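Here's the structure we're looking at; comments come further down.
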Amino acid sequence: MTTQECDSRDRRIVENIRTLLQATPMLKQHASLLEISIEQSAVVIRGNLPTDAMKAELVPIIRRAGVLSQVNNRVLVAA
C-alpha cells in the first residue's frame with residue numbers, strides 16, 4: 001500500500017469515527033472537541049470530556065467504526 005493510500009485510509013477511518021461520535025446522543029455536543037489521529041497504526045483520541053461514562057463510550061464507538069487495531073484513549077475527564 002502506498003503512502004497516499006494509507007493516508008486516504010486513515011482519513012476515512014477518522015471520518016467514520018467522527019460520524020459515529022456525532023450520532024451518539026451522549027457525545028454529540030462534545031465530538032468536535034475530541035482530536036482523533038492515527039499514529040503508528042493505532043487510533044489515538046485526545047481531549048476532555050465531563051464524565052467517565054462518556055470516556056468509556058469512546059472505545060466501543062471506535063470499534064463500531066470497524067477499527068480492530070490498538071486504540072489509545074488519552075481523553076481526560078474534567079473534575
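Sorted by mean Cβ packing within 10 Å, highest first, what order do the peptides 20-26, 60-66 take?
Values: 20-26: 14.3, 60-66: 16.0.
With the highest mean Cβ count within 10 Å placed first, the list reads 60-66, 20-26.
Determine ³J(HN,Hα), in whole Hz, for all residues of the range 19-29 in sequence, where each value follows from phi through the Karplus function 6.51 cos²θ - 1.76 cosθ + 1.60 and θ = phi - 60°; x replaces Gly and Pro.
4, 5, 4, 5, 8, 9, x, 5, 10, 3, 6
What FRET efficiency comes out for the pair Q29/D7, r = Cβ-Cβ distance, R0 = 30 Å, nearest 0.05?
Details: r = 29 Å, r/R0 = 0.98.
It comes out at approximately 0.55.
Calculate how many DSSP beta bridges within the range 3-77 are antiparallel, expressed in % of all such bridges and rounded to the nearest 5. If you can, show how the numbers build up before the last one.
Numbers: 5 of 12 bridges.
Close to 40 percent.
By how many degrees, 0 to 90 and rounded to 10, does the Cα axis of helix 52-64 deviate from the longest principal axis of the chain?
30
Highest first, please rank the peptides 68-77, 36-45 by the mean number of other Cβ atoms sitting within 10 Å of their residues. Before the final figure, lay out each step's value.
Values: 68-77: 12.3, 36-45: 14.7.
Ranking the peptides 68-77, 36-45 by packing returns 36-45, 68-77.
Read the figures in this text as sums done on the coordinates, not as results from a lab. Being a predicted model, the structure only gives us computed values, none of them experimental. Backbone-built Cβ (ideal geometry, glycine too); neighbour counts: all protein chains shown.
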